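**Student:** First the structure, then my questions, so here it is.
The values are calculated or read from the model by the stated rules, or taken from the named source; none is laboratory data. Keep in mind it's a predicted model, so treat the numbers as computed, not measured. Cβ placement follows ideal geometry from the backbone for every residue including glycine, while neighbour counts extend to all protein chains displayed. Side chains included, ligands, DNA and RNA excluded: accessible areas come from the protein's heavy atoms. Shrake-Rupley method; radii C 1.70, N 1.55, O 1.52, S 1.80 Å.
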Amino acid sequence: MSQLSRPYLLAIALCYGLTAARTALSQPPPIAPNPAAPTITVIVPSGVQPGGAQEIMLTGTNLAEPSGVWTNIPGAKVTIPDDNNNGKEPTKLRVKVEVPADTTLGYYAMRLATSRGMSNLRVLCVDDLKPLMEVETNRAKNTPQAVEFPSVVVGKITAETSSWFKITVKEGERVSFDVVARRLGSPLDPQIRLYDAATGKPLHGAFNNDAPGCQADSRLTYTFKTAGDYLIELRDAMYRGGGDYIYRLRIGDFPCATAVVPMAIKRGSKTKLEFAGPNVEGVAPVEVQAPADPALDILWVTPKGKNGLSGWPVSVALSDLEETVEQEPNNEPAKANRVPVPGAVTGRLLEKGDVDHFVFAGKKGQRLLVEAHTLELYSPTLLYMVVRDAKGTEIGRTKPEAAPPLDQRIDFTPAVDGDFDIEAVHLNYVTGPSEVYRITITPYQPGFSLSAGLDRFDVPLTSTVAVQLLLGRRDYAGPIEVSVVADHPGITGQFTIPAGQPPPNVPAGNMYVHVNEQVPLGPHTITLVAKATINQVPVIEYVNLRGHVSQSMAGLAYPPRQLFTQIGLAVTPKPPFSLVVKLDQAEVLRGSPATVTVTATKDSGFDEDIVLGAIGLPPTVPAALKNIAKGQTEVKIQLTPAPNQPLGDVIFSIVGKAKFQNKDVNTSSASATVPVVAPFDLKVETVPAKVNVGDKVKLKITAVRHGGYDGPIVLEVRNLPANVTAAKPTIEQGKTEVELEIAAAPNAAPGDKADVNILGTATAAGNQQNNTPNFTLSVVKP
């Protein structure tokens, strides 16, 4: 098969199994949510129909005192019935969901807010098939549950058992069975098998465990030769089970698409999409108008068969590139399809032994990324690529043993201008209607990525909450502006990550999100938008929650991408007090204490002790905290930056906790800033400086003092030319300038030295140091 090595591919295909399930982003750090916040374990039933109303039971913990339910279903109405003491039990809650008739099928999210916090995320389906609830008597083969179809059976698997169903079919009737379980966030690893009800024997070829493109879910299409009754067995592949091992078994003659062609469309364009996968014959293409919104990076489209039945939706990515589609034949370099740079192409590996070729123009010295996009767009294809130059010399190949997404990426810099060939083949030589892939060719760009330490928060009215940010830089060291986009204008926040920060493996800081008194109580969502200018080009990124979404869906490797940017926020009742923080001095020296005044404004009827804590202070800025005692409204606390604390602003917030009417209440102050400064800055007057060979020159050195430092500053000139010396004067206590003498010996060589600077040491402030910028010293022959 062309020049690819089959033994090599077989070896690395085995390695791929060790890495394919890894998510592209690292897992979030272990930051625990509020323990009093609600937790949803299961949603039953797990879906609603377009145009319908459905009562849903939430089970979990801390579900009492609900203030609202959030969902991202457009136009949906969610209410909480108040009958039968609903809302007073901590382990269950009934809610009613009404969905518009034009709602797109697919995955949506749900969260519950209570007076104590925001719940974890759970996935809710919108499905147009008639729902049927599983009955408990179907746990044995001889007592199957009879179901009519088309329909979707909603149920759960118990340990060591199977769920059995009976259907009646006509001669030659084709039926698809699609189990949505892992894709729903269930830990269930389903497998499905069909039996002849009369004989009890399994049907040949009527079994599936892991269907391509379904993330370990089962999918099966079968044409029944004989009319009659047949059994469906559904169980966990390892006979596990439990209350959260839920599933949706879709039954009917619907398409089983796995992808669309093309797999991506350019933002703002109108594109016709064709469906790829099993049982898509006769499925009409759909025309999609791509939104221009940069915050959206994926859409879901639904395949419909000639009979009008809908298959489960598949994804199409939104792109800023020119998107093309493979044109066969392109099975050798001479017939390669040309792809623009930057650009993208969608290809298919249909026939046995299919190898695809694409050609693109590379420029000398321009670093390029050739990347395949499959699993993250829910295609089952594992692509292997080799890039060769015009002479056929290999330039690079993918490394399947690497963790995604590096396993399908080639990073290279052309040594000369010219055309380059991409040879693409399935890693495991699999071909067929489901094997669709997308390749992008883009110039390398510096950039960054941001994630949050937690995906849900609670904040009282008029209070502030800190959202920890984690930053990954990619050859960009400049500042990054982060701001809040919320569903209410009263939810605000801004934060600047300084240039060059943070050090590796250190959080980038906290975004302090403030909620004013106009914001309604209950559930809200925020998105954090990060902006920077890189190489004079504006760059926008969104704080990504993929790791958290994966965790909430039982470790699903590729969760629905539309859920990656929505942070849940429960706005809780206003506490009976508020806090204001004020730094008593303008600047703080490392190693020196700073006094902070914390003032509490207490409502009438509240005069309890307020226990204070701090959020956002690094370990190098410890706080000596005190509580605001009963009968008091103010306290002074101390912060002491350590001698190794980096210079710059330290942003923090003070949290107050108290008891009121037998309940725990808390609030946070608005963010406060402690500017940690060097004891002084130094400036050299009259630079560049010049000294004649065999002579002396005097330079005036000026100090700008900071943080109240008034002590001596010892000076030393560094990086002087050979045979040039300088005195080491001291700027005396209380003074701001001194003259410094530089002498050039008779044997000093004439010339310029551009990296000379003057180091100052604050001997009365722990010998903290600062130096002037480099300047040029010229040694001149008179």
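**Student:** Given (1) under 30 Å from S315 (Cβ atoms); (2) in contact with a Pro (Cβ under 6 Å, 6 or more places away or on another chain); (3) open to solvent by 30 Å² or more (accessible area, probe 1.4 Å), identify the lone condition not met by L129.
**Tutor:** (3)
**Student:** If K574 meets every condition in (1) in a loop (DSSP other than H, G, I, E, B); (2) open to solvent by less than 30 Å² (accessible area, probe 1.4 Å); (3) closer than 23 Å to D458 by Cα apart from one, which number is that one?
**Tutor:** All conditions pass for K574, except number (2).
**Student:** Now, a different point. Inside region 70-79, can you point out the residues that are open to solvent by 20 Å² or more (accessible area, probe 1.4 Å) and of a type outside the set (F, W, Y)?
**Tutor:** Within region 70-79, T71, N72, P74, G75, A76, K77, V78, T79 qualify.
**Student:** Inspect region 618-630 for any residue being of a type in the set (D, E, K, R), touching a residue at least 12 places away in the same chain (Cβ under 8 Å) and in a strand (DSSP E or B) and give the result as yes or no.
**Tutor:** Within region 618-630 (the criterion being of a type in the set (D, E, K, R), touching a residue at least 12 places away in the same chain (Cβ under 8 Å) and in a strand (DSSP E or B)), the answer is no, since none of the residues qualifies.
**Student:** Looking at region 353-385, which of its residues are without any contact (Cβ under 8 Å) to a residue 60 or more places away in the chain, open to solvent by 20 Å² or more (accessible area, probe 1.4 Å) and either at negative phi or not small (G, A, S) (or both)?
**Tutor:** Passing the criteria: A361, K363, K364.
**Student:** Shifting gears a bit: Can you report the number of residues in region 637-666 which are out of contact with any Lys or Arg (no Cβ under 8 Å at 6 or more places or on another chain), in a strand (DSSP E or B) and touching a residue at least 24 places away in the same chain (Cβ under 8 Å)?
**Tutor:** Adding up the residues that qualify gives 15.
**Student:** Tally time: how many residues in region 191-239 are open to solvent by 40 Å² or more (accessible area, probe 1.4 Å), in contact with a strand residue (DSSP E or B) (Cβ under 6 Å, 6 or more places away or on another chain) and of a type in the set (S, T, N, Q)?
**Tutor:** Result for region 191-239: 3.
**Student:** Another question, if that's okay. Considering only region 275-300, state which residues are part of a strand (DSSP E or B), buried (at least 20 other Cβ atoms within 10 Å of the Cβ) and in contact (Cβ under 8 Å) with a residue 60 or more places away in the chain. Lay out the reasoning, then the answer.
**Tutor:** Keep residues of region 275-300 that are part of a strand (DSSP E or B), which gives 275-276, 286-289, 298-300.
Applying the additional criterion that residues be buried (at least 20 other Cβ atoms within 10 Å of the Cβ) yields 275-276, 299.
The one that is part of a strand (DSSP E or B), buried (at least 20 other Cβ atoms within 10 Å of the Cβ) and in contact (Cβ under 8 Å) with a residue 60 or more places away in the chain: A276.
**Student:** Determine whether region 255-270 contains at least one residue that is modelled with pLDDT under 95, open to solvent by less than 20 Å² (accessible area, probe 1.4 Å), in contact with a Pro (Cβ under 6 Å, 6 or more places away or on another chain) and not β-branched (V, I, T).
**Tutor:** no
**Student:** Could I ask something else about it? Residue under question is G500, and the condition is that it be at pLDDT below 95, among the small types (G, A, S) and over 30 Å from P278 (Cβ atoms); does it hold?
**Tutor:** Here the answer is yes, as G500 does meet what is asked.
**Student:** Sticking with this one: Being open to solvent by less than 50 Å² (accessible area, probe 1.4 Å) and in contact with an Asp or Glu (Cβ under 8 Å, 6 or more places away or on another chain): is that true of V95 here?
**Tutor:** Answer is yes for this residue.
**Student:** Let me ask something additional. Can you tell me which of (1) under 19 Å from G311 (Cβ atoms); (2) touching an Asp or Glu at 6+ places or on another chain (Cβ under 7 Å); (3) aliphatic (A, V, I, L, M) is the one I265 doesn't meet?
**Tutor:** With (1) under 19 Å from G311 (Cβ atoms); (2) touching an Asp or Glu at 6+ places or on another chain (Cβ under 7 Å); (3) aliphatic (A, V, I, L, M) applied to I265, the lone miss is (1).
**Student:** Separate question: Answer with yes or no whether F457 is under 20 Å from the mean Cα position of the chain (by Cα), open to solvent by 10 Å² or more (accessible area, probe 1.4 Å) and hydrophobic (A, V, I, L, M, F, W, C).
**Tutor:** Judged against the criteria, F457 is a match.
**Student:** Residues being surrounded by 14 or more Cβ atoms within 10 Å (Cβ to Cβ) and without any contact (Cβ under 8 Å) to a residue 40 or more places away in the chain: count how many of those fall in region 577-607.
**Tutor:** Residues meeting the conditions: 3.
**Student:** So, restricting to strands (runs of 3 or more DSSP E) that lie completely within region 390-450, which ones have at least 1 residues that are free of Cβ contacts under 8 Å to residues at least 40 places away in the same chain and of a type outside the set (K, R)?
**Tutor:** Numbers: elements: 394-397, 409-412, 418-426, 436-443.
The strands (runs of 3 or more DSSP E) meeting that bar are 394-397.
**Student:** Report the residue count in region 399-431 for those that are on the phi > 0 side of the Ramachandran plot and at pLDDT 95 or above.
**Tutor:** Looking only at that region, the number is 1.
**Student:** Of the numbered conditions (1) crowded, with 19+ Cβ neighbours inside 10 Å; (2) closer than 22 Å to V180 by Cβ; (3) hydrophobic (A, V, I, L, M, F, W, C), M57 satisfies every one except a single condition; which is it?
**Tutor:** With (1) crowded, with 19+ Cβ neighbours inside 10 Å; (2) closer than 22 Å to V180 by Cβ; (3) hydrophobic (A, V, I, L, M, F, W, C) applied to M57, the lone miss is (1).
**Student:** Taking the stated definitions as given, is V175 in a strand (DSSP E or B), in contact with a Ser or Thr (Cβ under 8 Å, 6 or more places away or on another chain), modelled with pLDDT of 95 or more and among the aliphatic types (A, V, I, L, M)?
**Tutor:** Spelling it out, V175 is indeed in a strand (DSSP E or B), in contact with a Ser or Thr (Cβ under 8 Å, 6 or more places away or on another chain), modelled with pLDDT of 95 or more and among the aliphatic types (A, V, I, L, M).
**Student:** When region 386-431 is examined, which residues are found to be open to solvent by less than 20 Å² (accessible area, probe 1.4 Å) and hydroxyl-bearing (S, T, Y)?
**Tutor:** T398
**Student:** Further, regarding this structure: Starting from residues that are in contact with a strand residue (DSSP E or B) (Cβ under 7 Å, 6 or more places away or on another chain) and assigned to a loop (DSSP other than H, G, I, E, B), keep the ones in region 587-610 and report whichever is nearest to Q638 (Cα to Cα).
**Tutor:** P593
**Student:** Could you tell me whether any residue of region 165-173 is open to solvent by less than 20 Å² (accessible area, probe 1.4 Å) and under 11 Å from R235 (Cα atoms)?
**Tutor:** Checking region 165-173: not a single residue is open to solvent by less than 20 Å² (accessible area, probe 1.4 Å) and under 11 Å from R235 (Cα atoms).
**Student:** Can you name every residue in region 414-441 that is touching a Leu at 6+ places or on another chain (Cβ under 7 Å) and of a type in the set (V, I, T)?
**Tutor:** Passing the criteria: V425, T431, T440, I441.
**Student:** Next up: Under 8 Å by Cβ, and 6 or more places apart or on different chains, what pairs join a residue from region 103-115 that is crowded, with 20+ Cβ neighbours inside 10 Å with one that is among the basic types (K, R) and not in a strand (DSSP E or B)?
**Tutor:** Correct list of pairs: Y107/R183.
**Student:** In region 466-483, what residues are under 23 Å from R122 (Cα atoms) and surrounded by fewer than 21 Cβ atoms within 10 Å (Cβ to Cβ)?
**Tutor:** Answer for region 466-483, where residues must be under 23 Å from R122 (Cα atoms) and surrounded by fewer than 21 Cβ atoms within 10 Å (Cβ to Cβ): just Q468.
**Student:** Filter region 630-674 down to residues that are hydrophobic (A, V, I, L, M, F, W, C) and out of contact with any strand residue (DSSP E or B) (no Cβ under 8 Å at 6 or more places or on another chain) and give me whichever is most open to solvent (accessible area, probe 1.4 Å).
**Tutor:** F660
**Student:** Go through region 513-536 and give me each residue that's open to solvent by 20 Å² or more (accessible area, probe 1.4 Å) and either in a strand (DSSP E or B) or of a type in the set (K, R) (or both).
**Tutor:** Within region 513-536, H514, P523, T525, T527, K531, T533 qualify.
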